[in-house]
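Q: This structure is in structure tokens; I'll ask about it shortly.
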Amino acid sequence: MNKKLISGTLSVIAANLTFSLFGQKAEKPNIIIIYADDLGYGDVSCYGATAIKTSYIDRVAQQGLKFTNAHCTSATSTPSRYSLLTGEYAWRRKGTNVLPGDASAIIAPGRTTIASVLKKAGYTTGVVGKWHLGLGPAGGPDWNGEITHSPLDIGFDYCFLIPATGDRVPCVYVENRRVLRLDPSDPIKVDYQKKIGDWPTGKENPELLKMHPSHGHDMTIVNGISRIGYMTGGRSALWVDEDMADTITRRAVQFIEKNRNKPFFLYFATHDIHVPRVPHPRFAGKSGMGPRGDAILEFDWSVGEILNTIKRLKLDKKTLIIVTSDNGPVVDDGYKDMAVELLGNHKPAGPLRGGKYSLFDGGTRVIFIARWTGTIKPGTSDALFSQIDLLASFAALTGQKLEEDDAPDSFNMLNTLLGKDKKGREWLVEHSGRLTIIKGDWKYIEPGPGAKIQINTNTETGNDPMPQLYNLKNDIGEKNNLAEQYPEIVKELSKLLDQIKSTGKTRNLPHILVTSN
Ligand code: NG6
Ligand code: CA
């Protein structure tokens, strides 16, 4: 036998071995979730934006499957991320709304998450970027010592974190269990109630600011920008906003390079395009829409760096890349950054109504693109899909069994994700204070008190004391409330929503939820 033949025979044997070991052929592609912050459905050119060109995101869409009807679970960050990682609707749990920067961990150590499932499947797992799910035990993390109750305790092998958000103190990175570059002789102190230490605040010293708040954000000044919360100490560890995208993207690329030879999972959660929008000088002024548009270009660049790395390492066919966002767009989110003035005709939510903080689809229908060269056929999918399903879908993909109580609301939608099923979910729930349910073409919004417009951000919240019913197929902009015309559909959907709430979980219980009257 010549050498070629021998190696050919060996690889056939190896393939059969893999086949029989797993009973079925378990696939172990690398998985990368690129999770933008506050990026709208209409903010990228492959979803219809014309005022801005997002070449790298467009490339993912050309080479992958572009979902038009995919959703995050909540219209703000903490609950969306909680659902993404745990497969449980965040509104089932108290304390899962937008967290301050000193909050304790809301996902308990040992809990099953996307990361722990993939780790069990043999993956090396990493999270780089915005966390916003709390750190440390009750009382919060020890910024000056070992940080416990961290991603490392729920299935991640590596973490490099912006602990909460860019606009919340402490303005430092956490790498694994330590604050990066902290000088122990200058300990960090954080307080969200009262001023701590003598660092100037935006309220007292606005003359020191390079970017001024429009609402809130007037506490401790770091890098010329006042934030939410007070801090002092940790000077050597402070981040520089302009370098943030470079810093975290470099970490993400290094993680990929380091783990190139074995399956890895990377959850890369960018700060872009959240406030404060302070892109690197090479993006500043490039969009013509001010910092918000420039931050979109910077996010697109980060996507490009990941794509280029995967290509350079020849991992295209071995890597599933997902690009999506944690919630919908907001224009003025608390800083005077000219986003409103320079918006022009650009529509951050595209054809959708509302945005971040909203029960309308602008809050929760997000861009979602899945590329896996050679496996996912490029195209567009109108299937109904939720980020909450990634956990059970990845478990199915990698041949992992979920325990009864794991991922209570995550469905195995692998065929939808891979483009083999065009229909997707029967229904899904969205959240922003109140709940909404989408089933087929219909969307029902629970009645609730509260303001119809959020004054500071000027968002249409979708709050209304009357029940709302929209036909998303004919009326994607949710303009015509049909609740009075179709009381029986309102009844059906509100009953379904009640069932979903009261069952406490929906995975493995479709029989309870299929009857509609
Ligand atoms: C709000 C902040 C907003 C943003 C948001 C969380 C003010 C006035 N507004 O409370 O700027 O930080 O919380 O955004 O403080 S999220 O994308 O992380 O959910
Ligand atoms: Ca967000």
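The values are calculated or read from the model by the stated rules, or taken from the named source; none is laboratory data. These figures come from a predicted structure and were not determined experimentally. Every residue, glycine as well, gets a Cβ built from its backbone with ideal geometry; the counts of neighbours run over all protein chains shown. Just the protein is used for accessible areas: all its heavy atoms, side chains included, with ligands, DNA and RNA removed. Shrake-Rupley method; radii C 1.70, N 1.55, O 1.52, S 1.80 Å.
Q: Take Arg312, project a point 7 Å from its Cα along the Cβ direction, then tell me which residues of the range 254-283 have their backbone nitrogen under 16 Å from it.
A: 254-261
Q: Same structure, new question: For the range 138-224, state which GluC sites (Glu not before Pro) are in a DSSP loop and have at most 13 other beta carbons lying within 10 Å of their beta carbon.
A: For GluC sites (Glu not before Pro) across the range 138-224 that sit outside H, G, I, E and B with at most 13 neighbouring Cβ atoms in 10 Å, the list reads Glu146, Glu204.
Q: Calculate, axis by axis, the spread of Cα positions in the range 368-517 along the three principal axes, and write the results as whole Å, longest axis first.
A: 46, 33, 32
Q: Also: Treating cross-link reach as a plain straight distance, find the lysines whose alpha-carbon is under 23 Å from the alpha-carbon of Lys203, omitting any fewer than eight places away in the same chain.
A: Of all the lysines, those that pass the test against Lys203 - Cα under 23 Å, at least 8 places apart if same chain - are Lys189, Lys194, Lys195, Lys336.
Q: Okay, moving on. Send over a whole-number figure in Å² for the accessible area per residue of the chain, probe 1.4 Å.
A: Value for the chain: 40 Å² per residue.
Q: For a quick check of your reading of the filter: which GluC sites (Glu not before Pro) in the range 285-385 sit in a DSSP loop and have no more than 12 other Cβ atoms within 10 Å?
A: Glu341
Q: Please turn the phi angles of the range 488-504 into ³J(HN,Hα) values with the Karplus equation 6.51 cos²θ - 1.76 cosθ + 1.60 (θ = phi - 60°), one per residue in order, whole Hz, x for glycine and proline.
A: Here the 3J(HN,Hα) series is 5, 6, 4, 5, 4, 6, 5, 5, 4, 4, 4, 4, 4, 5, 7, 5, x Hz.
Q: So if each residue of separation counts as 0.36 nm, and I subtract the Cα-Cα distance between Ser185 and Lys473, what length gain in nm does that give?
A: Length gained, Ser185 through Lys473: 97.6 nm.
Q: Cα convex hull of the range 106-174: how many Å³ per residue?
A: Convex hull of Cα atoms, per residue: 80 Å³.
Q: Can you pull out the trypsin sites (Lys or Arg not before Pro) in the range 208-261 whose DSSP state is coil and whose Cβ has at most 13 other Cβ atoms within 10 Å?
A: Lys210
Q: Let me ask you something else. Given a 1.4 angstrom probe, I'd like the percentage of the accessible area of the chain that is carbon and sulfur, rounded to a whole number.
A: 53
Q: For a distance above 38 Å, tell me the whole-number percent of Cα pairs in the chain that qualify.
A: 25
Q: How large is the helix-only mean residue ellipticity at 222 nm for the chain, computed as the sum of -39500 (n - 2.57) over DSSP H runs with n ≥ 4, divided by its residue count, in deg cm²/dmol to the nearest 500?
A: Here the helix-only value at 222 nm equals -7000 deg cm²/dmol.
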